[in-house]
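Please read the structure below before turning to the comments.
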Amino acid sequence: MAEQELIDAARALLDLCRKKKLTIAAAESCTGGLLAAALTEIPGSSDVFERGFVTYSNDAKQAMLGVPADVLATFGAVSRETAQAMARGALAHSPTDLAVAITGIAGPGGAMPGKPVGLVHFAAASRGGRLSHVAQQFGDIGRGPVRCESVAQALAMLRALAEQEAASP
C-alpha cells in the first residue's frame, strides 16, 4: 500500500473515532512505530490517538504490556495468543477505548518452522470486550512492504472495531 493510501486510511479512522468520541492505542512489534507515525502524520490526531507502545523485544512485551512469559514461551512472539495479549495489555495500560496489536516477521531473516518471513498476527480489542484476530501471510515481499501492509491491516481492524462501537456520551 502506498504512503498516501496509508495516510488516507489513517485520516478516515481518526475522523470516525472523533465522531464517535473514541480513543485508540497501538502495540507494535515488527512495525516499530510505523502505525503511530501514520496516525500522527495527520494534524490534530492527538484527540484520538492516545499512545503507542513499541515492544520489539519479548522483555518489552512483558514489561510494557504485561504479556505473560508463559504465553511467549509456549506460543512465541509471533502468534495469535501474543497478539491478543498485546492488545489487551495496551488497553490495560492506557485510558483508551480501542487498541490494536501487531507482531510478526518482517524479514529478511527471522523465519522459523511454521513461521515464515511475512507472517504477521494482529489483534484488536475494545474496552467493551470485543477481541478480534487476523493472521496474514504477506510472503517474502521485503521488509518495508510487509511493514506497510501490516499498518494497513491494523488501520482496517481499528476501523471495523470503531464501526461496531457505540458513540461515547
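Checking each residue in segment 8-20 for being open to solvent by less than 10 Å² (accessible area, probe 1.4 Å) and in contact (Cβ under 8 Å) with a residue 60 or more places away in the chain picks out 10, 13, 17.
In segment 136-143, the condition of being surrounded by fewer than 22 Cβ atoms within 10 Å (Cβ to Cβ) and under 14 Å from the mean Cα position of the chain (by Cα) is met by at least one residue.
Filtered by the rule that a residue be open to solvent by 20 Å² or more (accessible area, probe 1.4 Å) and in a helix (DSSP H, G or I), segment 153-165 gives 153, 156, 159, 160, 163, 164. Can you confirm whether segment 112-135 contains a residue that is within 19 Å of residue 33 (Cβ to Cβ), out of contact with any helix residue (DSSP H, G or I) (no Cβ under 6 Å at 6 or more places or on another chain) and without any contact (Cβ under 8 Å) to a residue 60 or more places away in the chain? The answer is no; no qualifying residue exists. Does segment 36-54 include one or more residues that are β-branched (Val, Ile, Thr), touching a residue at least 24 places away in the same chain (Cβ under 8 Å) and closer than 21 Å to residue 16 by Cα? There is at least one residue in segment 36-54 that is β-branched (Val, Ile, Thr), touching a residue at least 24 places away in the same chain (Cβ under 8 Å) and closer than 21 Å to residue 16 by Cα. One residue stands out in segment 21-65 among those that are among the β-branched types (Val, Ile, Thr) and either open to solvent by 40 Å² or more (accessible area, probe 1.4 Å) or more than 12 Å from residue 154 (Cβ to Cβ) (or both): the one that is farthest from the chain's Cα centre (by Cα), namely 42. Please go through segment 35-63 and give me each residue that is among the acidic types (Asp, Glu) and assigned to a loop (DSSP other than H, G, I, E, B), ordered by number. Hit for segment 35-63 is 41, nothing else. Residue count for segment 88-104, restricted to those that are hydrophobic (A, V, I, L, M, F, W, C) and either surrounded by fewer than 24 Cβ atoms within 10 Å (Cβ to Cβ) or more than 23 Å from residue 144 (Cβ to Cβ) (or both): 5. Of the residues making up segment 116-134, those that are open to solvent by 40 Å² or more (accessible area, probe 1.4 Å) and over 12 Å from the mean Cα position of the chain (by Cα) are 116, 127, 128, 129, 130, 131. Would you mind stating whether residue 85 is surrounded by fewer than 17 Cβ atoms within 10 Å (Cβ to Cβ), more than 26 Å from residue 21 (Cβ to Cβ), of a type in the set (A, V, I, L, M, F, W, C) and in contact with a helix residue (DSSP H, G or I) (Cβ under 9 Å, 6 or more places away or on another chain)? So residue 85 does not fit the description; no. Residues of segment 7-38 that are basic (Lys, Arg) and touching a helix residue (DSSP H, G or I) at 6+ places or on another chain (Cβ under 7 Å): 18, 20.
The values are calculated or read from the model by the stated rules, or taken from the named source; none is laboratory data. Keep in mind that what you see is a predicted model, and the values were worked out from it rather than measured. Note that each Cβ is placed from the backbone with ideal geometry, even for glycine, and that neighbours are counted across all protein chains shown. Surface accessibility is based on the protein's heavy atoms, side chains included, excluding ligands, DNA and RNA. Shrake-Rupley method; radii C 1.70, N 1.55, O 1.52, S 1.80 Å.
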